[in-house]
Amino acid sequence: MAVRRHPPTRTYAAVIISAILLIYLYSNFVPTERQYHALIDDIDNSTLGFQEILVVGLPSRTDRRDGMLLQAALSDINISFVDGVSGSSIPDKAIPATSEHERMNDASLGSWSAHMNAIQEVVRRNLTSALILEDDTDWDVRLKHQLRDFSLSTQALTQPLLGPSEAYADSTYPTPSIDSPGVIADLSFDLLPTTILPEISPYGDNWDLLWIGHCGMHFPFEDNRLVPKGRVIHRNDASVAQKQYLWTLNIPFTLKERYPEHTRAVHHAQEGVCSLGYAVSQKGAQKLLHEIGLKDVTDGFDTLLRFFCEGAEGRKRHECLTVQPALFQHHRAAGPLSALSDVGDHGTGFRDVSSTDMVRWSVRLNADALLAGSGEIIDQYPDV
Ligand SMILES: *[C@@H]1O[C@H](CO)[C@@H](O)[C@H](O)[C@H]1NC(C)=O
Ligand SMILES: *[C@@H]1O[C@H](CO)[C@@H](O)[C@H](O)[C@H]1NC(C)=O
Ligand SMILES: *[C@@H]1O[C@H](CO)[C@@H](O)[C@H](O)[C@H]1NC(C)=O
């Protein structure tokens, strides 16, 4: 039987067309898919999708460094330490003062200086981003999962919607206009809009600071003209403790009063208290040097962060996103209360039982089970 052969020109044409088709498919489809998976999946990496994790604290508190290192190892993450500073060693000249006021107390100055050292390191080493933690924090065994949910939420709030014109799911983003409403409809975590995928950070390409460890935060105030109002509301988040276990320094506690049990919210920061854990982008770190390192040091570091985020006291407003309840919380180790903090005076007395505020599956408190590899995780705040 005669073999039927295609004329050579037809073969060449077919090859060329297939090649063009393949290149087209590859450049339009494959890289986007690859990029998407790579970036959001980076949250599973040993630095939680940031370039590095820095832990700030006094080198003399070796107990805390032991604790942080153990927690990091049990969570499969890599931390490095930045040395805290004792406030009394800081000369007046090194503290920017552009108005007349008293020198802050040594504890607050030491904390400010230690955090500035961490931020300086991010800039000096040109890190694309870093997570900065205080050395007495703890987190949930499910941290990576929580951060993935957080990143989907921050992307929904700050990445442009997929579509022909540049628009955002939060109509008051990036800046509310004069006639913007004070409240806008909540975005449901279960029904997030499709946005353009970020290219630099899994948390979005346009943030300065992610304030994810704090002891109090407000939703953006209705009458605030500068802070965008969007909220992503994540109902039935099993890692959120029941309301009876939640507390805040910011009253009213709107999350608890207005939303159902087990709700987590992601939004722009307003009146944050405590700098237990926050991430900075490279741009954010540079802006922090400019706005907090080099401008009038009138208040504690967390208050200065608030000015930075909200555009107060001679600072511009910056892109600061947050989450309630926070993902990094204070760990209070059993022992004499005087050991609790090198900042405040916690008096005499003794704590019998270690605890971590609001964290259900605390890594620290489940160290036995995690080390055993097979032990059962204990819920610190079981539903009743
Ligand atoms: C983790 O992911 C981030 C974001 O892509 C990246 O910058 C960082 O280098 C990664 N860390 C490691 C240890 O691979
Ligand atoms: C942790 O990170 C540091 C600094 O990036 C690096 O030198 C070190 O090799 C990392 N350690 C592990 C166990 O990955
Ligand atoms: C810092 O890194 C960025 C890319 O992440 C690069 O474009 C820039 O040139 C770097 N700057 C320095 C001083 O190396």
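Throughout, read-outs are computed from the coordinates displayed, never taken from laboratory work. Predicted, not measured: the structure shown is a model, and the values here were computed from it. So basically every Cβ, Gly included, is an ideal-geometry build from the backbone, and we count neighbours across all protein chains shown.
For this structure, a couple of remarks:
- Of all residues in the stretch 277-300, those that are over 30 Å from ARG258 (Cβ atoms) and away from ligand 3 (no atom under 16 Å from the Cβ) total 10.
- Of the listed requirements (1) under 27 Å from ASP41 (Cβ atoms); (2) without any contact (Cβ under 8 Å) to a residue 60 or more places away in the chain; (3) loosely packed, with under 15 Cβ neighbours inside 10 Å, ARG103 misses just one: (1).
- Looking across the stretch 221-235, the residues that are in contact with a helix residue (DSSP H, G or I) (Cβ under 9 Å, 6 or more places away or on another chain) and either farther than 24 Å from PRO181 by Cα or of a type outside the set (Val, Ile, Thr) (or both) come down to ASN224, LEU226, PRO228, GLY230, ARG231, HIS234, ARG235.
- Pairs where the first residue, in the stretch 261-282, is closer than 18 Å to ALA130 by Cα and the second is within 16 Å of ligand 3 (Cβ to nearest atom) and assigned to a strand (DSSP E or B), C-beta under 8 Å, 6+ apart: ALA279/SER129; ALA279/ALA130; VAL280/SER129; VAL280/ALA130; SER281/SER129; GLN282/SER129
- Residue match in the stretch 52-65 (condition: within 16 Å of ligand 3 (Cβ to nearest atom) and within 18 Å of ALA130 (Cβ to Cβ)): yes
- Where a residue in the stretch 120-141 is within 15 Å of SER201 (Cβ to Cβ) and its partner, wherever it lies, is away from ligand 2 (no atom under 13 Å from the Cβ) and of a type in the set (S, T, N, Q), with Cβ under 6 Å and at least six apart: THR128/GLN282; SER129/SER201; SER129/SER281
- Every residue from the stretch 200-220 that is under 30 Å from VAL384 (Cβ atoms) and in contact with a helix residue (DSSP H, G or I) (Cβ under 6 Å, 6 or more places away or on another chain): PHE219
- Put simply, of ARG264, ARG332, ARG317 the only residue that is away from ligand 1 (no atom under 16 Å from the Cβ), of a type in the set (D, E, K, R) and out of contact with any Lys or Arg (no Cβ under 9 Å at 6 or more places or on another chain) is ARG317.
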